[in-house]
Amino acid sequence: MNATVPNRGRRFGARMQREGQGGEGKGAWLLNRFAWAFHRILDRIDQGLDQGAIELSLPNGSRRLLGGRAPGPVPVVELRSWRALLRLVRNGSAGWYTAWVAGEWTSPDPVPLFDLFMRNGRSLGDTARAGGLTRLARRIGHRLRRNDKAGARRNIEFHYDLGNDFYSLWLDPGMTYSSALFAEPIDPAQSLEAAQATKLQAMLDRTATRPGDAILEIGSGWGSFAELAARAGRRVHGITLSAEQKAMVDQRIADAGADAELGGVTVSLTDYRDVAGSYDAVVSIEMVEAVGQEYWPAYLRAVARALKPGGRAAIQYIIIDDALFEGYARNVDFIQRFVFPGGMLLSESRFRALAERNGLVWQDRVGFGQHYAETLRRWRENFDAAVAAGKLPPEFDTDFVDLWRYYLMYCEGGFRGGGIDVAQVTLIKR
């Protein structure tokens, strides 16, 4: 079952086009006259690179090495227009993306560049973040997409209701849209499907539930966890705000209807703040990034309220280095601007403090960020193969394809650089 969403891919591209299209055009001579000012921007980037380097080609054909003082990734970047640096300074990572789309910079492989900027995030500071009035305008716009109940539904629909036919082209066959958990060292021969199954089983194990126990899943996705837990005899109530996801979970369970143990799965279009009832366990896999800092307390209150005394919540979540969080939270980055409105990575220290304030004991935290980098690489391979084979639905135009490929590369580089991480933790209700 798949609902029709008119121009569902083009709405992403339209947002990018409003940022302005590129090429130096008639202003090239003026930009070149101020080349000295752009070299000062490059000087700031150079000074902030404690690890790795950038082999940079400049618009006038000259070359420059930035960094190079310690080992690290060494991306090759061709800066075709000084305007790319203007966009970077004015709009941060969102501006750097629009510059890439406009052809103002290019690289044979952007992933190491995103890796480099993330691993040097502390030393670079606000060099690659929007400032001044632009930052203020972006913050106001982001505030208008806050995750109150109506806004949360709009934001989830914007991202997830692109359609099950789209996501099925590049996710694993189980349709799991979160980091897999690979055997270590990560083996390219291990299938993504197997690594996703390992992750789902790890989350079920954290609940310490038994057959017949009831689990609330906050953010059901397309039902991969619910199916695994049901096959293990658990009763699962999944909640989502995505009509597309609910349709697939309903169909998934109906298709497996011959299996009596799956009769205990239900899914509803329910906001986490409206959950009623008491459960033996709660599972939430990379849903909390869609909540926003303002609503972290409400999310954790909902988790605590749903758990029976002694019950366990298994949470998989994405964090940004606490040292980077304040600067990140003051800005609106590429993903928030173009891909996931209302989204926000966690500050682990802040989130943990809120959990403990709500009577939830923080236990057995395990991080595995490089596994997410590998997951994203596999997704991008699948996505590129689907594009090359002409399998994308016709509504997804070139602008959308470029955006989604960039999104997958951007995220992969972020995890490789270590400034963002993915982790699992068990929260036990006192």
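The values are calculated or read from the model by the stated rules, or taken from the named source; none is laboratory data. Note that the coordinates shown come from a computational prediction; the quantities given were computed from them, not determined experimentally. FYI the Cβ positions are ideal-geometry reconstructions off the backbone, even for glycines, and counts take in every protein chain you see. Keep in mind that these areas ignore ligands, DNA and RNA; they rest on the heavy atoms of the full protein, side chains included. Shrake-Rupley method; radii C 1.70, N 1.55, O 1.52, S 1.80 Å.
Details
- Comparing segment 30-104 with the 2.2 N^0.38 Å rule of thumb, its C-alpha radius of gyration ratio is 1.07 (two decimals).
- Scattering profile of segment 255-399 at q = 0.15, 0.19, 0.22 Å⁻¹ [log10 I(q)/I(0), Debye over alpha-carbon scatterers]: -1.02, -1.26, -1.38
- Loop-located trypsin sites (Lys or Arg not before Pro) in segment 36-129 (DSSP state other than H, G, I, E, B) with a sparse environment of at most 16 neighbouring Cβ atoms within 10 Å: ARG69.
- Each of LEU228, ASN147, PHE158 was placed along the dipole of the chain (beta-carbon charges, centred on the mean Cα), and the one lying farthest toward the positive end is ASN147.
- Ordered from longest to shortest, the equivalent ellipsoid semi-axes for segment 193-233 are 16, 12, 9 Å, each the square root of 5 times a Cα gyration tensor eigenvalue.
- Accessible area (Å², 1.4 Å probe, nearest 10) - ASP384: 50 Å²
- Considering all C-alpha pairs of segment 224-334, those separated by over 18 Å amount to 58%.
- Of the listed residues THR270, THR398, the order by accessible area with a 1.4 Å probe, largest first, is THR398, THR270.
- Largest accessible area first, the residues TYR410, TYR372 order themselves as TYR410, TYR372 under a 1.4 Å probe with ligands, DNA and RNA left out.
- Share of carbon and sulfur in the accessible heavy-atom surface of the chain [1.4 Å probe, %]: 53 percent
- Within segment 95-118: backbone nitrogen closer than 17 Å to the ILE186 label point (7 Å, Cα to C-beta): 110-118
- Given charges at beta-carbon only (K, R positive; D, E negative), |dipole| of segment 229-343 in Debye: 400 debye
- Helix axis angle, 192-207 relative to the chain longest principal axis, alpha carbon, degrees: 50 degrees
- When the alpha carbon coordinates of the chain are projected onto the principal axes, the ranges are 72, 46, 44 Å, largest first.
- Pairs of alpha carbons in segment 70-119 separated by more than 17 Å make up 33% of all such pairs.
- Extent along principal axes [Cα atoms of segment 140-207; Å; largest to smallest]: 45, 30, 21
- Taken per residue, the accessible surface of the chain reaches 40 Å², heavy atoms only and a 1.4 Å probe.
- Computed from the C-beta positions of ALA37 and TRP362 and an R0 of 41 Å, the FRET efficiency is 0.30 to the nearest 0.05.
- Angstrom value of the Kirkwood radius, inverse mean 1/r, which spans all Cα pairs in segment 337-430: 15.8 Å
- The chain - share of DSSP beta bridges that are antiparallel (%, nearest 5): 50 percent
- Nearest-20 debye value, the chain charge dipole, Cβ charges on Lys, Arg, Asp, Glu: 1640 debye
- Furthest towards positive pole of dipole, LEU354, ALA247, MET409, structure part the chain, Cβ charges: LEU354
- For segment 274-418, size of Cβ-based charge dipole, Lys and Arg +1, Asp and Glu -1, in debye: 480 debye
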